[in-house]
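The values are calculated or read from the model by the stated rules, or taken from the named source; none is laboratory data. On a predicted model such as this, the values are computed, not experimentally measured, just so you know. Note that each Cβ is placed from the backbone with ideal geometry, even for glycine, and that neighbours are counted across all protein chains shown. Quick note on the areas: whole protein, heavy atoms, side chains included, nothing else; ligands and nucleic acids left out. Shrake-Rupley method; radii C 1.70, N 1.55, O 1.52, S 1.80 Å.
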Amino acid sequence: EIELTRQWKLLGGFRYDHFDADFTSRTVATGARTELSRVDDVVSPRAALVFLPTSWQTYYFAWGTAFNPSAEALTLAANTVNTDPEKTQSFELGTKWQLLENRLSLNTALFRIEKTDARTAEPGSLVQTLDGKQRSQGFELEVIGRPLPSWNVFASYTYLDTEVLASKDVQGGVPVKGKRLIAAPEASFSFWTTY
């Protein structure tokens, strides 16, 4: 963290991951044994610019990268063992406000996540390549704190717009290109409170 001025800060960092997976499977009928292994070494950088105009408000822009190795689900297969990790980068523009004398926090952010080398199956084959592209973007809003001495609250809402921008995959005879990502709800809301 570097303090450029009293109101501006620059944050940066990186994460190094060594992902070493060994996988053994046996076929029940024949007793055949298959052993697969894969090692991935990836550095994921991140950076953010933070503006603090007053003691109760913060504005920021953040960028970062991440990766999903082929063995992310703790399994390997012949069609994924030689596939490099998927890589993503994320962009976020947000603000945090401390209200009611720091008893309540209001956080909101616009975000975009781009996966430019998503796994996709080669046509007529089960071999996975990194020719796909995916995008997730949206916004989130959170209210967290203790508005009264005996009342705690946490509420959040997220809107998520996702799309498969490029893919060779076909499901049920229909290309997945142009569709929403699986298991990515368009809207989600959570609320928790104690008194």
| Among the candidates LEU99, LEU110, LEU106, which residue alone is in contact with a strand residue (DSSP E or B) (Cβ under 9 Å, 6 or more places away or on another chain), surrounded by 13 or more Cβ atoms within 10 Å (Cβ to Cβ) and over 30 Å from TYR195 (Cα atoms)? | LEU110
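It is to be established whether one or more residues within segment 144-152 are over 20 Å from THR194 (Cα atoms), out of contact with any Cys (no Cβ under 7 Å at 6 or more places or on another chain), in contact (Cβ under 8 Å) with a residue 24 or more places away in the chain and open to solvent by 50 Å² or more (accessible area, probe 1.4 Å). It would help to see each step written out before you state the result.
Our first condition is that a residue be over 20 Å from THR194 (Cα atoms); within segment 144-152, this holds for none.
Scanning segment 144-152, I find no residue that is over 20 Å from THR194 (Cα atoms), out of contact with any Cys (no Cβ under 7 Å at 6 or more places or on another chain), in contact (Cβ under 8 Å) with a residue 24 or more places away in the chain and open to solvent by 50 Å² or more (accessible area, probe 1.4 Å), so the answer is no.
Only one residue in ARG15, ARG38 is open to solvent by 60 Å² or more (accessible area, probe 1.4 Å), part of a strand (DSSP E or B) and at pLDDT 90 or above, so which one is that?
Values: ARG38 fails: open to solvent by 60 Å² or more (accessible area, probe 1.4 Å).
Selected residue: ARG15, the only one of ARG15, ARG38 that is open to solvent by 60 Å² or more (accessible area, probe 1.4 Å), part of a strand (DSSP E or B) and at pLDDT 90 or above.
Give the residue that is most open to solvent (accessible area, probe 1.4 Å), with candidates limited to residues of segment 153-174 that are small (Gly, Ala, Ser) and more than 27 Å from ASN107 (Cα to Cα). Full working, then the answer.
First pass over segment 153-174, keeping only residues small (Gly, Ala, Ser): 155-156, 166-167, 172-173.
With more than 27 Å from ASN107 (Cα to Cα) added as a condition, the list becomes 166-167, 172-173.
Values: ALA166: 29, SER167: 32, GLY172: 86, GLY173: 68 Å².
Checked segment 153-174; the qualifying residue most open to solvent (accessible area, probe 1.4 Å) is GLY172.
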| message | within 25 Å of TYR159 (Cβ to Cβ), open to solvent by 80 Å² or more (accessible area, probe 1.4 Å) and among the basic types (Lys, Arg): is that true of ARG26 in this structure? | response | no
| said: So in segment 55-69, with the set limited to residues that are modelled with pLDDT under 95 and not hydrophobic (A, V, I, L, M, F, W, C), which one is farthest from GLN134 (Cα to Cα)? | reply: SER55
| task | Considering only residues that are in contact with a Phe, Trp or Tyr (Cβ under 6 Å, 6 or more places away or on another chain) and within 18 Å of GLU140 (Cβ to Cβ), look in segment 51-94 and name the one that is most open to solvent (accessible area, probe 1.4 Å). | result | LEU93
| task | May I ask you to list the residues in segment 175-195 that are within 26 Å of ASP117 (Cα to Cα) and open to solvent by less than 70 Å² (accessible area, probe 1.4 Å)? | result | VAL176, GLY178, LEU181, ALA184, ALA187
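Quick check on segment 131-141. Is at least one of its residues assigned to a loop (DSSP other than H, G, I, E, B), open to solvent by 60 Å² or more (accessible area, probe 1.4 Å) and at pLDDT below 90? It would help to see each step written out before you state the result.
Narrowing segment 131-141 to residues assigned to a loop (DSSP other than H, G, I, E, B): none.
Within segment 131-141, none of the residues are assigned to a loop (DSSP other than H, G, I, E, B), open to solvent by 60 Å² or more (accessible area, probe 1.4 Å) and at pLDDT below 90.
Give the number of residues within segment 148-195 that are more than 30 Å from PRO123 (Cα to Cα) and assigned to a strand (DSSP E or B). Don't jump to the end; show me each part of the working.
Filtering segment 148-195 for residues more than 30 Å from PRO123 (Cα to Cα) gives 148-159, 187-195.
Still in the running and assigned to a strand (DSSP E or B): 148, 151-159, 187-194.
Matching residues across segment 148-195 total 18.
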| field | Of all residues making up segment 1-12, the number that are part of a strand (DSSP E or B) and in contact (Cβ under 8 Å) with a residue 12 or more places away in the chain | value | 5
| Considering only segment 41-76, how many residues are of a type outside the set (A, V, I, L, M, F, W, C), in a loop (DSSP other than H, G, I, E, B) and out of contact with any Lys or Arg (no Cβ under 9 Å at 6 or more places or on another chain)? | 3
| task | State all residues of segment 113-130 that are open to solvent by 50 Å² or more (accessible area, probe 1.4 Å), at pLDDT below 95 and among the β-branched types (Val, Ile, Thr); if no residue qualifies, say none. | result | THR116, VAL127
